[in-house]
Amino acid sequence: TARGVDSDKIVVVKNGVDRELFKPVPKDMDLMKELNLEGKKIIGYIGTHGMAHNLDFILDCAKHMQGRNNYHFLLIGSGAERDRLLQKRNEEAIDNVTMLDSVPKDQVSRYISILDLSLINLRKSELFKTVIPSKIFENACMQIPIIMGVQGEAQEIIEKYGAGLCFEPENENDFVAKLDLLLSDDSLYFECKDGGVRISE
């Protein structure tokens, strides 16, 4: 109103998603076979591998979960930390983690389709309580339940729409507990898929 614009004409759009490009589809079984991930419960992170994303935490959790319930972590993307993370994965022989380079934007939905859970993770920091990762919306639109280690406004969105579960960033016990719950409680899992529909709408 200070600039002479009626406040009724102003709305805030926090983010968006192309619902034609990202829509629910069956798992791409050819891709599952190509990646040797058939029969696995796939927890996927697709995005930047940078300092802010603290994927060391995810690799450490994965290492401690080797052999657990056919869980497999799929990390796709590039970034300043990727080479070091790949070296860590190889040196520590973390065999339940697959790491791939970035894929073209028009292929991302193919990789999202094979996920059982979408992982969104940032370092524990007051700064990140104001961050709303865009990958929330792409995965929700494809009805992939989200497991998220981000506090603040992003957590409020997930909880408001019931699109997944949030764990305390950098808390391995909480992460494992929420992961187990999402992948063992069918009723909760399908409720979270419905929550994705509500976000995309």
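The values are calculated or read from the model by the stated rules, or taken from the named source; none is laboratory data. As the structure is a computational prediction, the values presented were derived from the model and not from experiment. Positions of Cβ are backbone-derived with ideal geometry, glycine not excepted, and every protein chain shown enters the neighbour counts. Ligands, DNA and RNA are excluded from the accessible area calculation, which covers all protein heavy atoms including side chains. Shrake-Rupley method; radii C 1.70, N 1.55, O 1.52, S 1.80 Å.
Once the convex hull of all Cα atoms in segment 108-186 is built, its volume per residue stands at 86 Å³. Positive-end ranking of ASN54, ALA140, THR130 along the dipole of segment 1-145, with charges on Cβ about the Cα centre, is headed by THR130.
Tell me, what is the percent relative contact order of the chain, built from C-alpha pairs under 8 Å that lie six or more residues apart? Intermediate results must be reported in sequence, preceding the final value.
Numbers: 335 pairs, mean separation 42.5, N = 201.
Reported as a whole number, the value is 21 percent.
Each principal axis of the Cα atoms in the chain has its own extent, and those three values, largest first, are 62, 35, 33 angstrom.
Here's how it looks for GLY149: its modeled amide H is under 5 Å from those of ILE120, ASN121, LEU122, PHE167, which are all 5 or more places away or on a different chain. Note on LEU100 and GLU172: the model spin-label points, each 7 Å out from Cα along the C-beta direction, lie 2.8 nm apart. Which residue, GLN66, GLN87, GLY39, has the largest displacement toward the positive end of the dipole of the chain when charges sit on each Cβ (Lys, Arg +1; Asp, Glu -1)? My answer, from the dipole projection, is GLN87. In the chain, taking the dipole from charged Cβ atoms about the Cα centre, the farthest positive-side position among SER109, ALA2, ILE158 is held by ALA2.
Need one number for segment 1-115: average projected area of the convex hull over its C-alpha atoms, nm².
Details: hull surface 43.1 nm².
Averaged projected hull area, Cα only: 10.8 nm².
For the peptides 100-112, 143-155, residues were scored by their other Cβ atoms within 10 Å and the scores averaged per peptide; the highest-first order is 143-155, 100-112. With all protein chains in place and a 1.4 Å probe, the accessible surface of segment 1-137 carries 49 percent carbon and sulfur. Rounded to the nearest 500, the helix-only mean residue ellipticity at 222 nm of the chain stands at -11000 deg cm²/dmol, with each DSSP H run of n ≥ 4 adding -39,500 (n - 2.57).
Peptides 83-91, 161-169 ordered by packing proxy, namely the average of other Cβ atoms within 10 Å per residue, highest first: 161-169, 83-91.
At 1.4 Å probe size, with every protein chain present, just tell me what the per residue accessible area of segment 131-181 comes to in Å².
Numbers: 1780 Å² over 51 residues.
Value returned for segment 131-181: 35 Å² of accessible area per residue.
Put a plus charge on the Cβ of each Lys and Arg, a minus charge on the Cβ of each Asp and Glu, and nothing anywhere else: the dipole of the chain about its Cα centre is then about 300 debye.
To the nearest µm²/s, what D does Stokes-Einstein give for segment 63-106 at 25 °C and 0.890 mPa s, using the Kirkwood radius over alpha carbon pairs as Rh? Before the final figure, lay out the partial values.
Values: Rh = 11.4 Å.
Estimated via Stokes-Einstein, D reaches 214 µm²/s.
Relative to the Cα centre, the charge distribution of segment 1-89, modelled as +1 at Lys and Arg Cβ and -1 at Asp and Glu Cβ, gives a dipole magnitude of about 260 debye.
Taking 24 Å as the cut-off for C-alpha to C-alpha distance, list the pairs among LYS124/LYS178; LYS14/LYS129; LYS40/LYS63; LYS27/LYS63 that go past it. Pairs exceeding 24 Å: LYS27/LYS63.
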